[in-house]
1. Choose one answer from Ala58, Ala117, Ala22: the residue with the largest mean-square fluctuation in a GNM of the chain with alpha-carbon springs under 10 Å.
2. To the nearest 0.05, how large is the calculated FRET efficiency for Thr85 and Asp154 if R₀ is 25 Å and r is the Cβ-Cβ distance?
3. Roughly what angle does helix 23-33 make with the longest principal axis of the chain, taking Cα atoms, 0 to 90 degrees, to the nearest 10?
4. What is the chain's relative contact order, in percent, from Cα pairs under 8 angstrom and six or more apart in sequence?
5. Scan around Leu128 for amide H atoms under 5 Å from its own, H built in the peptide plane at 1.01 Å from N, and keep only partners 5 or more places away or cross-chain.
6. What net charge is computed for the residues neighbouring Ala79, neighbours being all others with C-beta under 15 Å from the C-beta of Ala79, Lys and Arg scored +1, Asp and Glu -1?
7. Extent of region 4-163 along each principal axis, from alpha carbon coordinates, in Å, largest to smallest?
8. Mind listing the phi-derived Karplus ³J(HN,Hα) values for region 97-112, rounded to whole Hz, using 6.51, -1.76 and 1.60 with θ = phi - 60°, and x for any glycine or proline?
Amino acid sequence: MAYPAAVITVSDRSSAGERPDAGGPLAVAALREAGWECADAAIVADGADSVEAALRAACGSGARLVVTTGGTGVGPRDATPEGTTRVIVREVPGIAEELRRRSAAEKPAGMLSRGLAGVTDAALIVNLPGSPKAVASGMPVILSVARHVIEQLDGGDHRAAGDHA
């Protein structure tokens, strides 16, 4: 079954047209290649309010998986986790921990990502850093469990995530 997914790029510069979105298209391509229905990435400015609004819009349009890229660092405008917290009903910390572990193994600054992963009543939301390298290394982690999470949200049984390739 092809579930609907959405990608949201969080970047002041990309939303203003000052820099092309490099991470969002990589996430979209990975989702499509894995059989998900996914439109091109939406681009929003940094900030908790814009992230919350974009997440609510994506979930409201039926997305079962929403991946954000950007806004996960420690800079003053990096508020993707704060916007995400307003939307999710439960965190799934193991996903975010694995993303940070892999990122830090590639580059020590990877441990600075404050990205979250969590669920609404019907969707999995995962924050990735905005760098293309972080997106490329993070998408396989997300895709390895996303269908299983959705099946769980739909009341499915507890088979191992690897059983749902």
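1. Ala22
2. Numbers: r = 24 Å, r/R0 = 0.94.
With a Förster radius of 25 Å, E is 0.60.
3. 20
4. With pairs under 8 Å counted, the relative contact order is 23 percent.
5. Placed amide hydrogens put Thr68, Thr69, Gly70 under 5 Å from Leu128.
6. Numbers: positive: Arg77, Arg86, Arg114; negative: Asp12, Asp46, Asp49, Glu52, Asp78, Glu82.
Net charge in that neighbourhood comes out at -3.
7. Largest first, region 4-163 extends 45, 35, 28 Å along its Cα principal axes.
8. Once θ is set to phi - 60°, the couplings for region 97-112 become 5, 5, 4, 5, 4, 5, 5, 5, 5, 7, 7, x, 5, x, 6, 7 Hz.
Where a number appears in this text, it was derived from the coordinates with a stated rule and is not lab data. Treat the numbers as computed from the prediction; the structure is a model and nothing was measured. Don't worry about glycine lacking a Cβ; one is built from the backbone with ideal geometry, like all the others, and counts go over all protein chains shown.
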